[in-house]
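The values are calculated or read from the model by the stated rules, or taken from the named source; none is laboratory data. Quantities reported herein were computed from a predicted structural model and do not represent experimental measurements. Here the Cβ positions follow ideal geometry from the backbone for every residue, glycine too, while neighbour counts run over all protein chains shown. Ligands, DNA and RNA are stripped out before the accessible areas are found, and what is left, the full protein with its side chains, is counted by its heavy atoms. Shrake-Rupley method; radii C 1.70, N 1.55, O 1.52, S 1.80 Å.
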Amino acid sequence: MSSSSPRVGFVSLGCPKALVDSERILTQLRAEGYALSSDYQDAELVIVNTCGFIDSATQESLDAIGEALTENGKVIVTGCLGARDEGELIRQTHPSVLAITGPQAYGEVMGAVHQYLPPRHDPFVDLMPAPRVQTEVSDFESKVGIKLTPRHYAYLKISEGCNHRCSFCIIPSMRGDLVSRPVGEVLTEAQNLVNAGVRELLVVSQDTSAYGLDTRYKLDFFGGKPVKTRFKELAAELGQMDAWIRLHYVYPYPHVDEVIPLMAEGLVLPYLDIPFQHASPRILKAMKRPASSENVLARIRTWRDVCPDLTLRSTFIVGFPGETEDDFQQLLDFLDEAQLDRVGAFTYSPVEGATANQLAKPVPESLKQERLERFMAKQAEISAAKLAVKVGQRMAILIDEVDESGAVGRGPGDAPEIDGVVFLPDVTDVRPGDFVEVEITAADEHDLWASPCD
């Protein structure tokens, strides 16, 4: 790329869905002749992709905008926080930002970039005729666009928005209702990623198991054959590709049962990331969650009967308004009964615009923290026991990092950044993206240690 190319800096915050938005914007910038800068001083303009899910994320986004303004001065803001009150909070806090857009507003972001940092005219390049034959492309970015993850795994976003109206969440007000991507488009993107060397596809959306509901499972085409825009069919087609397929943000609808056999057959990783959030029927009702703990426990038992190796991950909210000690005990009892493999939790915090803010009997902050500690201590015991059983077993792991002390990888039950890892001490003759067969030698509450199999 020409040294005269306009230079853009980029800050990406928030969840994997937002990261995919960042990747698309960066890919478009590169396609239009912009150079990407890794520091504020070298950039001529900075884009900040924000998160506004909870108050701490909102503050992190506002701080990032402020830092970019201080260090650079020319800032375009996009993402979920930009959709809250049409960006009013951002304008009040940082009135000098150049432009504000909501999430997945790729055209608006590029329009603002063109306005404040137009592409430069290069008379030599502009007068050259377009080549008739494109030379062979071997560069990863040229094949699949810019990725902010390591080259061996990638997030595959299958839809935007959500049709649920959980009382603690404002995502639908920022990202809108469910809009599923055509299944042929999703599968083509997935195949391109695999062809470029990606070894693991992490399927994400706001509600993955609702995929296709908004299109009434409309038929699309992939590989010359019709495929329904539907959760099961998408998983089955992805399962034919030469990569790990990991499913995130799956609500426990009855039709999720149809995907479990694909996991038992080895087509899809035996891993489900399901945001249960709580177990008390009263709290679930106050949250406006589409599930009950009794149905969930029955479904978990059925899933494990079909696929005994299934790893279940979930997240929970502790200290929701009105949560009593009895409600919290029901949550602890649920952990004992469900024996989930991977669990995250956070204390409830009010989010501007969420209906839960109006609920009575807020839980004191000190009690929230005390319950969180009890919750995580309970789960740590469960996790340690489940991982201890793996000692002596063999498994395939995907290598993420290698340095002079050894390698670090992940097994089928470990998603990047949120789950545990598998340590391979003194193993240095592997590379990120390699699959290695190992035997587990030790375990703690979160991670495993292993040695390569002979």
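For the reader, a short list of remarks on this structure follows.
- Of Gln330, Gln277, all but one fail to be open to solvent by 30 Å² or more (accessible area, probe 1.4 Å) and touching a residue at least 12 places away in the same chain (Cβ under 8 Å); the exception is Gln330.
- Pairs linking a residue in region 193-215 that is over 15 Å from Thr229 (Cα atoms) to a residue that is among the acidic types (Asp, Glu), with Cβ atoms under 8 Å and 6 or more positions apart or on different chains, are Val194/Asp242; Gln206/Glu160.
- With respect to the stated conditions, Leu178 is in contact with a Cys (Cβ under 7 Å, 6 or more places away or on another chain) and modelled with pLDDT under 95.
- Residue that is least open to solvent (accessible area, probe 1.4 Å) [pool: residues in region 89-100 that are farther than 17 Å from Cys51 by Cβ and not in a loop (DSSP other than H, G, I, E, B)]: Ala99
- Pairs meeting the criteria (first residue in region 138-167 and closer than 28 Å to Val351 by Cβ and open to solvent by less than 10 Å² (accessible area, probe 1.4 Å), second residue of a type outside the set (A, V, I, L, M, F, W, C) and in a strand (DSSP E or B), beta carbons under 6 Å, at least 6 apart or on different chains) are Ser159/Ser180.
- Scanning region 168-181 for residues that are surrounded by 18 or more Cβ atoms within 10 Å (Cβ to Cβ), closer than 20 Å to Tyr211 by Cα and not aliphatic (A, V, I, L, M) gives Cys169, Arg175, Ser180, Arg181.
- Residues being open to solvent by less than 20 Å² (accessible area, probe 1.4 Å) and more than 17 Å from Val343 (Cα to Cα) - total across region 281-318: 5
- The sole residue among Met263, Met241 that is farther than 23 Å from Cys15 by Cα, touching a Cys at 6+ places or on another chain (Cβ under 6 Å) and in contact (Cβ under 8 Å) with a residue 24 or more places away in the chain is Met263.
- Of the candidates Leu247, Leu219, the single residue that is within 19 Å of Asp419 (Cα to Cα) and not β-branched (Val, Ile, Thr) is Leu247.
One line per residue, one yes/no per condition, for (1) without any contact (Cβ under 8 Å) to a residue 40 or more places away in the chain; (2) exposed (fewer than 15 other Cβ atoms within 10 Å of the Cβ):
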site: Ala396; (1), (2): no, yes
site: Val402; (1), (2): yes, no
site: Ala415; (1), (2): no, no
site: Gly420; (1), (2): no, no
site: Asp426; (1), (2): yes, yes
site: Val436; (1), (2): no, no
site: Asp444; (1), (2): no, yes
site: Ala450; (1), (2): no, no
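- Where Gln134 falls short, out of the listed (1) part of a loop (DSSP other than H, G, I, E, B); (2) touching a Lys or Arg at 6+ places or on another chain (Cβ under 8 Å); (3) at pLDDT below 90; (4) open to solvent by 10 Å² or more (accessible area, probe 1.4 Å): (2)
- Filter result for Pro103 (more than 22 Å from Leu19 (Cβ to Cβ), part of a loop (DSSP other than H, G, I, E, B) and not assigned by the TED database to the domain that holds Ile171): no
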